Structures are given as structure tokens and as C-alpha cells.
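> Provided herewith is a single structure, encoded as C-alpha cells, for subsequent inquiry.
The values are calculated or read from the model by the stated rules, or taken from the named source; none is laboratory data. Nothing here was measured: the structure is a model prediction, and the numbers come from that model. In this analysis, Cβ positions are derived from the backbone assuming ideal geometry, glycine residues included, and neighbour counts consider all displayed protein chains.
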Amino acid sequence: MDINLDDEQLELAKMARAFFEARFPISRIRELEDTGEGFPRAVWQEMAQLDWLSLGYPAEAGGAGGSLLDLTVLYQEMGRALAPVPHLESSVIAGGALQAAGTPEALELLRQVWSGDALITPALAEADGDFGDEAVTLPAVASTLSDGTGGFTLTGQKIMVAYAGSASQLLVAARTSPAEPEAGVSGVTLMLVAPDADGVTLASLPNVASVPLYAVAFDQVTVPAAAVVGPVGGGWELLAPAIERATVLRAAQIQGAAERLLEYAVDYSTQRVQFGKPIGQYQAVQYLCSDIAINSHLTALYTRYAAGLIDAGQPAGRAVSQAKAQANVTARLAPARAHEVHAGLAFMVDFDVQLFTRRCRHWELDLGDDRYHRERIAAELAVAVP
């Protein structure tokens, strides 16, 4: 499989780098960390006008066309700039589930996502912090609503819901029936719930990355049948392909951040003089920089390979987990090595390296930590061995 970028993808990378560097200088990133919304609406609309919110969706369905590999190029540049936008949540995960549902209502909402008029964020994680369909326990009880129609009632909590305070809808994963692994049925149902609906309470969650994360509590929240996305009990099946794509893109984002950290480390090692010469001339410092370079390159290779398999319609579960497992290593190693090059200086709040350190920590744990993805890899390998 050829995972080299073609001329159009290289041009996209050049354009995206110029765009994100202009909209998100480090000073702007610092400002946005102190705002409740966490991202600029004007930039979001610019991205919609560039068709970046619909990139990766078929042109015949109204999207911008393009592949997942194209999106990895965009995400690498977003990682370099620490671009705080809800693209992964709204355009990739929620949008992918809406496309998979395929109903007229879902597709109309998807078009609003592409235009930037609707921002939908997934509410998946729960208090135990596990990831996957088996971790969804929020009960959705079938009930008769006040108008006599059927629907569901939600009572419980979701955590780590990104951009919930800015979203027009939450895409809530709730359990409507027990899972049936043998039959391939998750028992999870996807539902659209307005953040300001009766019984919904949002609480901001302080976090090391300064990402706008929320705990969302549901107290006897009624959900009409029309707000159910896809089949009852088959919601995770709609969500899973979108999560696979999002996992690859998160890996690309980490790789972009690592690339930027390498530049910081190399630049500093050529300027900082110790014992009469730049510290970059010492092998110990060179090893630190080469560690970042090697792991950044490995992450790029794994990420492009996984994206290529998905684009080709081939089984990609193991490759996706390999990409994210390697990216998780890079998310830890690249900031650590950059801090070692800079010594204590990089820990200062006024220094830029710590911004990348904090964001990488969040990305490392998002969409599956090391254990989750290495267990997926091991399970696939066990099946493959006769």
C-alpha cells in the first residue's frame, strides 16, 4: 500500500498550516483556554466555507469528497497548532453516525453540521472511565410521553463531554437492552438531546488540558422516538466506524504536536550554550531529539497505513489500534523529551512546551488508552493464530 502523500495532499497540508498558524498563534491558544466556549465561532465558519467540515464525506451525498488520508493531513496541522475546534466531535463522530443512520432527518442534520449551523457532540463516557459499547450503562427506559407518543426516559450521567456548553445537540449513547455479543447486537441506542432540555444539567469539568469538558446529568429527561438516531439497540453499530476514523485522526493530531515539539527542542538546543558550545552538539541531547523524531515518524506511518486500509474498505481494527497505541507512546514521550532538552524552563507556565504537554495528555487518554488498544491488538492476534 502506498502511504506517501500525493501532490494534492501536500498542497492541502501547506494550506492548512498557513490557515491554522494564522488563526491560532500561541497567544490566541492561551486566550481561548480562559473562555467558556473554548473555540472561535468565526474560525469554525471559515472551516465550513472551506468544506473542511464535510471533508471525507462522499461528494454524491453532498460532502466535499476526499479520503480519511486527506483528513489525517488536516489533523496533523491541527495538532501542530493545537487548534481548539470541535471537528472530531461534531464532523467526524456525530456526523459519521448520522450518515450511517441514513434517514432523511439524520441526513438533513448532517448537512447542518457540514455548514457549521449545527454542532453535535457525542456523550459516550461514564463514571468508570471505560471505553467501548460495553461501558455504556446509562439506562434509557421505554415510556409513554405526555403527548401519548412513545419514547424513552433518561436518568443518569455522562462525563468528559467535549464542547457540551456550545453544542446544539448531544448525541447520547444509552442502553435500551442487554448486549448480545454472539448476535453482534450492542443494545446501545443513540439519541439526540438538547443541552438545555428539561432535566439536563451541565457542569464544567476542570482538566489538565483546559479543554471544555462537561459532566452532563439527566434527570427524568424525556426523549421522543423521533430523536432516536438509527435503530433501537443498534446505535453502537452506527457509531463504531466513525470512532475508528476518529481514533486514526486523533493519532494524526498527536503526530503533528510531536513534530512541533521536535522543532522547539532542536531550536532551543542550537541556542542554549553550555560548557562553551550549543547543547545540541552533545550526544545526550541529540538522543533526546532523535527519540521525538523516531516516534513521530512511526506514528505517521501507522496512522497513514490505518487510514489507507479504511479508505480501501479493508479490515482495519488492528491497524487502528496499532496507530493509537503508538500515538499514545508518542504523546507521552515527545513532551517528556522536549522537557528534558529545555530542563526546568519548559515547565514554566509562560513557556509554550507545557501547552503541548497538557494537550497531549488529554489526547493520549481519549478514544482508548494503551491498555484498551493493546488488548484489542492481542485479541485479533489470538483469533488469527490457528
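> Out of Arg318, Arg304, report the one residue that is farther than 18 Å from Asp70 by Cα, touching a residue at least 60 places away in the same chain (Cβ under 8 Å) and basic (Lys, Arg).
After applying the criteria, what remains is Arg318.
> Just to be sure before I move on: is Val161 of a type outside the set (Gly, Ala, Ser) and touching a residue at least 60 places away in the same chain (Cβ under 8 Å) in the structure I sent?
Answer is no for this residue.
> Another one. If we keep just the residues of the stretch 119-150 that are assigned to a loop (DSSP other than H, G, I, E, B) and of a type in the set (Val, Ile, Thr), which is nearest to the chain's Cα centre (by Cα)?
So in the stretch 119-150, the residues assigned to a loop (DSSP other than H, G, I, E, B) come out as 119, 124-132, 136-138, 145-149.
Checking which are of a type in the set (Val, Ile, Thr) leaves us with 136-137, 149.
On the way: Val136: 19, Thr137: 22, Thr149: 36 Å.
Restricting to residues being assigned to a loop (DSSP other than H, G, I, E, B) and of a type in the set (Val, Ile, Thr), the top hit is Val136.
> Being surrounded by fewer than 21 Cβ atoms within 10 Å (Cβ to Cβ), assigned to a helix (DSSP H, G or I) and out of contact with any Cys (no Cβ under 7 Å at 6 or more places or on another chain) is the filter here; which residues of the stretch 265-287 pass it?
Residues satisfying the conditions are Asp267, Thr270, Gln271, Ile279, Gly280, Gln281, Gln283, Ala284, Gln286, Tyr287.
> Against the condition outside any helix (DSSP H, G or I) and out of contact with any Leu (no Cβ under 8 Å at 6 or more places or on another chain), how does Leu381 come out, does it pass?
Judged against the criteria, Leu381 is not a match.
> If I filter the stretch 186-199 for residues that are at pLDDT below 95, on the phi > 0 side of the Ramachandran plot and within 27 Å of the chain's Cα centre (by Cα), do I get at least one hit?
Checked the stretch 186-199: at least one residue is at pLDDT below 95, on the phi > 0 side of the Ramachandran plot and within 27 Å of the chain's Cα centre (by Cα).
> Considering only the stretch 216-242, how many residues are part of a helix (DSSP H, G or I) and touching a Leu at 6+ places or on another chain (Cβ under 7 Å)?
4
> For the stretch 160-200, name all the residues that are β-branched (Val, Ile, Thr), closer than 20 Å to Ala242 by Cβ and in a strand (DSSP E or B).
Taking the stretch 160-200 first, the residues β-branched (Val, Ile, Thr) are 161, 172, 176, 185, 188-189, 193, 200.
When the remaining residues are screened for being closer than 20 Å to Ala242 by Cβ, the result is 161, 172, 176, 185, 188-189, 193.
Within the stretch 160-200, Val161, Val172, Val185, Val188, Thr189, Val193 qualify.
> Here is a further query. Among the listed residues Glu46, Glu11, Glu89, which satisfies the condition of being among the charged types (D, E, K, R) and touching a strand residue (DSSP E or B) at 6+ places or on another chain (Cβ under 6 Å)?
Details: Glu46 fails: touching a strand residue (DSSP E or B) at 6+ places or on another chain (Cβ under 6 Å); Glu11 fails: touching a strand residue (DSSP E or B) at 6+ places or on another chain (Cβ under 6 Å).
Exactly one of Glu46, Glu11, Glu89 is among the charged types (D, E, K, R) and touching a strand residue (DSSP E or B) at 6+ places or on another chain (Cβ under 6 Å), namely Glu89.
> Checking the condition among the hydrophobic types (A, V, I, L, M, F, W, C) and surrounded by fewer than 18 Cβ atoms within 10 Å (Cβ to Cβ), which residue from Ala325, Ala312 passes?
Ala312
> Name the residue, out of Val320, Val353, that is among the aliphatic types (A, V, I, L, M), crowded, with 18+ Cβ neighbours inside 10 Å and within 16 Å of Gly79 (Cα to Cα).
Just one listed residue meets the conditions, Val353.
> Would you be able to say whether some residue in the stretch 251-265 is touching a residue at least 60 places away in the same chain (Cβ under 8 Å), hydroxyl-bearing (Ser, Thr, Tyr) and more than 21 Å from Arg337 (Cα to Cα)? Working first, answer last.
Going through the stretch 251-265, the residues touching a residue at least 60 places away in the same chain (Cβ under 8 Å) turn out to be 251-262, 264-265.
Narrowing further to those that are hydroxyl-bearing (Ser, Thr, Tyr): 264.
When the remaining residues are screened for being more than 21 Å from Arg337 (Cα to Cα), the result is none.
No: zero hits.
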